[in-house]
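J.: Have a look at the structure that comes next, please.
The values are calculated or read from the model by the stated rules, or taken from the named source; none is laboratory data. These numbers come from a predicted model, not from an experiment. Please note: Cβ atoms are built from the backbone with ideal geometry, for glycine as well, and neighbour counts cover all protein chains shown.
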Amino acid sequence: MTAAAEPAAAPEVRELSPAEHPAALALLAQLNQNVPVPVLKDRFERVLREHHHYRALGAFIGNELVALTGIWIATKVWCGRYLEVDNIVVSPEHRSMGLGSLLVRSAEKIAKESDCNLMVLDSYTSNYASHRLYYRLGFEIRGFHFIKELTPLDR
């Protein structure tokens, strides 16, 4: 008689502790492969230090950080209070498990609890897989995000 395989642990979403920031940096490096890791580290630490309304949420299976997103809550004149989802990344070996959806739904719960009027996010025009995800989760394209580079983004 063989022992039954143990079911996989259900993913848990929670805010990252400072001790988990190195694992978050490893995921961010997968998403931003053209940016040197020391630059990503500096940017991530700066965001956490300078923007107190930024929160890093992680999806964990057991004690392993397998997916990550950042969220910002702010206010704009045109829409009032909103939550912005930033940098959703799922480790390659954990993709197609619903972790991106889980993170977005967790962010939506926080947005509702925080009296936000809407959620926003950016997605590269070529990232078709993310577009399908965001459409499934109820997002729509409402406008364009214009940028003007003042310095190279990889430094």
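J.: Name the residue, out of Glu84, Glu64, Glu93, that is of a type outside the set (S, T, N, Q) and surrounded by fewer than 11 Cβ atoms within 10 Å (Cβ to Cβ). Don't jump to the end; show me each part of the working.
T.: Details: Glu84 fails: surrounded by fewer than 11 Cβ atoms within 10 Å (Cβ to Cβ); Glu64 fails: surrounded by fewer than 11 Cβ atoms within 10 Å (Cβ to Cβ).
Only one candidate qualifies: Glu93.
J.: Take the residues in segment 108-155 that are over 13 Å from the mean Cα position of the chain (by Cα) and among the polar types (S, T, N, Q); name whichever of them is farthest from Phe44 (Cα to Cα).
T.: It comes out as Asn117.
J.: Counting only residues that are of a type in the set (Ser, Thr, Tyr) and closer than 12 Å to Cys116 by Cβ, how many does segment 52-81 have?
T.: Matching residues across segment 52-81 total 1.
J.: With respect to Arg105, is the statement that it is over 13 Å from the mean Cα position of the chain (by Cα), of a type in the set (D, E, K, R), surrounded by 11 or more Cβ atoms within 10 Å (Cβ to Cβ) and modelled with pLDDT of 95 or more true? So that I can check it myself, show each step before the final result.
T.: Details: over 13 Å from the mean Cα position of the chain (by Cα): no; of a type in the set (D, E, K, R): yes; surrounded by 11 or more Cβ atoms within 10 Å (Cβ to Cβ): yes; modelled with pLDDT of 95 or more: yes.
No: the conditions fail for Arg105.
J.: Got a sec? Which strands (runs of 3 or more DSSP E) wholly within segment 36-155 have at least 2 residues that are closer than 14 Å to Ala24 by Cβ and touching a residue at least 12 places away in the same chain (Cβ under 8 Å)?
T.: Numbers: elements: 54-61, 64-76, 80-90, 118-121.
Correct list: 54-61, 64-76, 80-90.
J.: Here's something else I'd like to know. Looking at Val47, Val37, can you tell me which residue is touching a Phe, Trp or Tyr at 6+ places or on another chain (Cβ under 6 Å), surrounded by 12 or more Cβ atoms within 10 Å (Cβ to Cβ) and farther than 13 Å from Val89 by Cα?
T.: On the way: Val37 fails: touching a Phe, Trp or Tyr at 6+ places or on another chain (Cβ under 6 Å).
So the residue among Val47, Val37 that is touching a Phe, Trp or Tyr at 6+ places or on another chain (Cβ under 6 Å), surrounded by 12 or more Cβ atoms within 10 Å (Cβ to Cβ) and farther than 13 Å from Val89 by Cα is Val47.
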